[in-house]
Structure formats: C-alpha cells, structure tokens
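The values are calculated or read from the model by the stated rules, or taken from the named source; none is laboratory data. Just so you know, these numbers come straight off a predicted model, no measurement behind them. Reconstructed Cβ throughout: ideal geometry from the backbone, glycine too, with neighbour counts over all protein chains shown. Keep in mind that these areas ignore ligands, DNA and RNA; they rest on the heavy atoms of the full protein, side chains included. Shrake-Rupley method; radii C 1.70, N 1.55, O 1.52, S 1.80 Å.
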Amino acid sequence: LIALTEWAASFVLDGIVVVTDEIENRFPAKKTALVRNFPILQEMHTPDARPMRDRPREFTYIGTITQNRNIFRMMEAVDGLADQQARLRLAGDFILADDQRIAESLPAWRRVKYEGWLSREGVASILADSRAGLVLLKPVPHEMVTLPIKLFEYMAAGIPVISSDFPLWRKIVDEARCGLLVDPEDAPAMTAAMQWVLDNPEEAQAMGERGRQAIERTCNWEIEAEALIAFYQDKLGAKALPA
C-alpha cells in the first residue's frame, strides 16, 4: 500500500527530496533530489591531537542502547580481546530496563564503562580517549537503509570506525577509507577488527584522519544544503515561467 501510494504521488508532485540512494531509486530521476542527512560542520567534535597509541584501549559506542543496536554482541566482542585493559565505553541510555539488567548480569560487563547520557563536552572527552567508534547495529531492514549520525560523529572526531557491513554504510566507509567493516552478528569478526586497531595504531590514526577529511570535504550538511536550495530554485523557477 505504501509503495503504491509513493508511485501514485510521484506523478503529481513537482519534486521529491530523499535521503538515501535506495529511496531515490523508487522515484523518477527528473523529479528527485538526493539530500543526505549529513552533520553540520560547526556541531562536530574537533579531533584530539593525541597519537592513537597513547590513548586508553577503549572502543566507544554513543547512542541509544538496545538489543537491535547490538549491545550484547559488542560486549562479547570486547570480552574476546586478550588484553584485559581493553574496554567498551558506552555513552547513552538503555531503552529497556530488562536489557540493562541482562547486560549488567553478564560476565562481559566487567569490561564495560557505562557513562549514561552525557553533555556534548562529555561526549567529546570520550571520543578523544577512543581507539575506534562502534556502529555495529544488527541487520534490521530499516536500520540498514538509514545514515546513522554516530558514524559521522566518529569520523568528525578523527577516530576510525568499526561498522556493520551494510551496502549503504560500506559505500561511505570504503570511499573515505576510514574504518573496518564486519558482519554485526559475528562477534569474533568484531574482536578481530578491534585487535587490528590495537595492533596498528598508526594505520588506525590515518583512518581517523581520512574520516575527518571526508566530513570536511563531502559528508557535511553545508554541501547538501546547497543541493537542496538549488533543487528548490529549479522547481520554483520552472513554476514561475510563463506557459
């Protein structure tokens, strides 16, 4: 029913603005503009100058904490690291009390630093301590076709990302060469990616620097806003022309 409504609407609408390539493909190319939900540059965290090898051996997740966001598998992955100093650092709240209760009851919880919700300054401090940012959501259909803001927060902070290997996310991470892609249901694969980051601090730092460069050059709202304004001007200009 939704698909039929979209198809019918595409014939009567003057213009359609979409946020991902997957949605763009559902509408007529001449009527459609892709305007991605990229971050505003002025709101992004400035990278910390400390070399990666001098930072705590921490992997950070920022955002809502749920099973679909893969909290248990992330804990399992960090617990799989032989280095007992390695930690998972969480900034955000559990949506469900049961999820928090289960997480805290697991042996892997000893490897977790749980911060709860933090101010922007607090988040910046955590990112400055991080070896990598985790965006390892489960392959839930609606999650796989969205652009997670935390991915761009990590990139803007100059840290490498360890990301779920979804096609939309892969395109961003591969083009920027800013991180590692893994199966989000494969905890050993996550552990291996974390271990690589710990074992290769210079390469990990270069990944983080390339991520920041991608934010500054292409993955920002300032560029997307220009495309949106141009689209509006085109449509309004066409309307203003005499018949």
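Counting only heavy atoms of protein chains, what accessible area per residue, in Å², does the range 128-201 have with a probe of 1.4 Å? Provide the component values of the computation, followed by the final result.
Values: 2460 Å² over 74 residues.
Each residue of the range 128-201 exposes 33 Å² on average to a 1.4 Å probe.
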Handout entry: Gained length - K235 relative to A49, 0.36 nm times residue gap less alpha-carbon distance
Key = 62.4 nm
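Could you look at the range 126-243 and say what percent of its accessible area is carbon and sulfur, using a 1.4 Å probe and all protein chains?
Ligands and nucleic acids excluded, carbon and sulfur give 57 percent.
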Fill in the blank from the handout: Applying the gyration tensor rule to the Cα atoms of the range 49-99 (axes a ≥ b ≥ c; rounded if a/c under 1.5, else prolate if a/b exceeds b/c, else oblate), the class is oblate
Problem - Cα gyration tensor shape for the range 71-118, rounded if a/c is under 1.5, else prolate or oblate - result: oblate
Exercise for the section: Rank these by accessible area, largest first, 1.4 Å probe: I95, I229. Expected result: I95, I229
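Work out the FRET efficiency for L228 and R110 from their Cβ-Cβ distance, taking R0 = 35 Å, and round it to the nearest 0.05.
On the way: r = 47 Å, r/R0 = 1.35.
Approximately 0.15, to the nearest 0.05.
Under a Cβ-Cβ cut-off of 15 Å, what is the net charge of the residues other than T32 that fall near it, where Lys and Arg count +1 and Asp and Glu count -1? Intermediate values should be presented prior to the final figure.
Working: positive: R26, K30, K31, R36, K235; negative: E6, D14, D21, E22, E24, E224, D234.
Taking every Cβ under 15 Å from that of T32, the sum is -2.
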Problem - Förster radius 22 Å - calculated FRET efficiency between D83 and A206, Cβ distance, rounded to 0.05 - result: 0.50
Problem - Rg/Rh (Cα only; Kirkwood hydrodynamic radius) as it applies to the range 1-56 - result: 1.34
Completion exercise
In Å², rounded to a whole number, the accessible area per residue of the range 1-112 with probe 1.4 Å is 56 Å²
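What is the chain's relative contact order, in percent, from Cα pairs under 8 angstrom and six or more apart in sequence?
Details: 394 pairs, mean separation 56.6, N = 243.
Relative contact order for the chain comes out at 23 percent.
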Problem - Linear extension gain, I23 paired with L41, 0.36 nm per residue minus alpha-carbon span - result: 4.0 nm
Fill in the blank from the handout: From the Cα centre of the range 78-152 to that of the range 161-190, the distance in Å is 16 Å
Practice task
With springs only between Cα atoms under 10 Å apart, run a GNM on the chain and tell me which of L90, L106, L127 wobbles the most.
Solution key: L106
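Rounded to the nearest percent, how much of the accessible area of the range 45-104 (1.4 Å probe, protein heavy atoms only) is carbon and sulfur?
Details: 1200 of 2730 Å².
Solvent-exposed carbon and sulfur of the range 45-104 make up 44 percent of the total.
Keeping all protein chains in place and using 1.4 angstrom, which order do H142, H45 fall into by accessible surface area, from largest down?
On the way: H142 110, H45 15 Å².
The ranking, largest first, comes out as H142, H45.
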Exercise for the section: Using only alpha carbon pairs under 8 Å that are at least six residues apart, calculate the relative contact order of the range 113-197 and give it in whole percent. Expected result: 27 percent
Exercise for the section: Mind checking the range 39-120 for chymotrypsin sites (Phe, Trp or Tyr not before Pro) that DSSP puts in a loop (not H, G, I, E or B) and that have at most 16 other Cβ atoms within 10 Å? Expected result: W117
Problem - Theoretical gain in end-to-end length, E216 to V12 [0.36 nm per residue, Cα-Cα removed] - result: 69.7 nm
